[in-house]
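This report concerns only the one structure given below.
The values are calculated or read from the model by the stated rules, or taken from the named source; none is laboratory data. The structure displayed is predicted, hence computed values, not measured ones. Don't worry about glycine lacking a Cβ; one is built from the backbone with ideal geometry, like all the others, and counts go over all protein chains shown. Keep in mind that these areas ignore ligands, DNA and RNA; they rest on the heavy atoms of the full protein, side chains included. Shrake-Rupley method; radii C 1.70, N 1.55, O 1.52, S 1.80 Å.
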Amino acid sequence: RGIIPRLIQHLYSEMRNMPDRTIKVSIQYLEIYNESLYDLLDITTQPHELSIHEHPRTGSVMISGLRSIVVTSEAEALKLLFEGETNRVIGEHQLNRESSRSHSIFTVLLEMRMPGDDGETIRSKVNLVDLAGSERVSKTKSEGAVLREAGHINKSLSILEQVCGG
C-alpha cells in the first residue's frame, strides 16, 4: 500500500476516536502536465486547463476550477484516489512501459469543529506530491512527444512549487 491510502486509513481511524467533533474531509487531485494544470477528478468533460492566480487580499495561491469533493468515508476517498490515478498521463519508453509524464498533488482538506457552543473550527491541508518520472533521454532513447514531455517535467517543478507554497 502506498502513502496516500495509508494516510486515508489513518485519518478515518483517528476520526472514529473523536466522536464529539464534527469533521469534514474534502479531496482535491491536481495534475501538472506540460506546464499546465488539470483536475484529475473532473471526468465529466474533456480535460481542460485550469488557471492559477494569487488571491488579491491574502496572497495565497488559488486554482480556478479545481474541484473539492467532500468524502464521508475511507472507501469514498480511496475511490477518488483510484479514479484520479486512471486519468493521469503516462507514456512509454525503452526503460519503463508506464512512466508517469506528469506531477500530481493529492490534497486532503480537513475542517474540524471542536465540541461546545462556541466550538472553534480548525482547518488543515495536506498536500501529497507524486513527481513525474525523470530519466536520461540518452538511456531511454525517447523521441517525439515523449521527448518533449521530458523537457517539460523539470519546467513544471516551478508550478508545483507555487501550488504547494500557497
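Which ones in region 82-106 are open to solvent by 100 Å² or more (accessible area, probe 1.4 Å) and modelled with pLDDT of 70 or more?
82, 86
Return the residues of region 13-45 that are touching a Lys or Arg at 6+ places or on another chain (Cβ under 8 Å) and acidic (Asp, Glu); say none if nothing qualifies.
31, 35, 39, 42 - these are the residues of region 13-45 that are touching a Lys or Arg at 6+ places or on another chain (Cβ under 8 Å) and acidic (Asp, Glu).
Somewhere in region 1-17, is a residue assigned to a strand (DSSP E or B) and modelled with pLDDT of 85 or more?
No; the residues of region 1-17 include none that is assigned to a strand (DSSP E or B) and modelled with pLDDT of 85 or more.
Any chance you could count how many residues in region 107-133 are in a strand (DSSP E or B), touching a residue at least 24 places away in the same chain (Cβ under 8 Å) and loosely packed, with under 13 Cβ neighbours inside 10 Å? Talk me through it step by step, then tell me what you get.
First, the residues of region 107-133 that are in a strand (DSSP E or B): 107-113, 121-130.
Subset that is touching a residue at least 24 places away in the same chain (Cβ under 8 Å): 107-113, 126-130.
Filter again for loosely packed, with under 13 Cβ neighbours inside 10 Å, leaving 126.
Adding up the residues that qualify gives 1.
Of the conditions (1) among the small types (Gly, Ala, Ser); (2) within 27 Å of residue 121 (Cβ to Cβ); (3) surrounded by 14 or more Cβ atoms within 10 Å (Cβ to Cβ), residue 68 clears all except one; give me its number.
Among (1) among the small types (Gly, Ala, Ser); (2) within 27 Å of residue 121 (Cβ to Cβ); (3) surrounded by 14 or more Cβ atoms within 10 Å (Cβ to Cβ), the lone unmet condition for residue 68 is (3).
Can residue 33 be described as modelled with pLDDT of 90 or more, surrounded by 18 or more Cβ atoms within 10 Å (Cβ to Cβ) and of a type in the set (Ser, Thr, Tyr)?
On the way: modelled with pLDDT of 90 or more: no; surrounded by 18 or more Cβ atoms within 10 Å (Cβ to Cβ): yes; of a type in the set (Ser, Thr, Tyr): yes.
Criteria not met by residue 33.
Restricting to region 42-79, and then to whatever is at pLDDT below 95, outside any strand (DSSP E or B) and hydrophobic (A, V, I, L, M, F, W, C), can you tell me which residue is nearest to residue 104 (Cα to Cα)?
Selected residue: 66.
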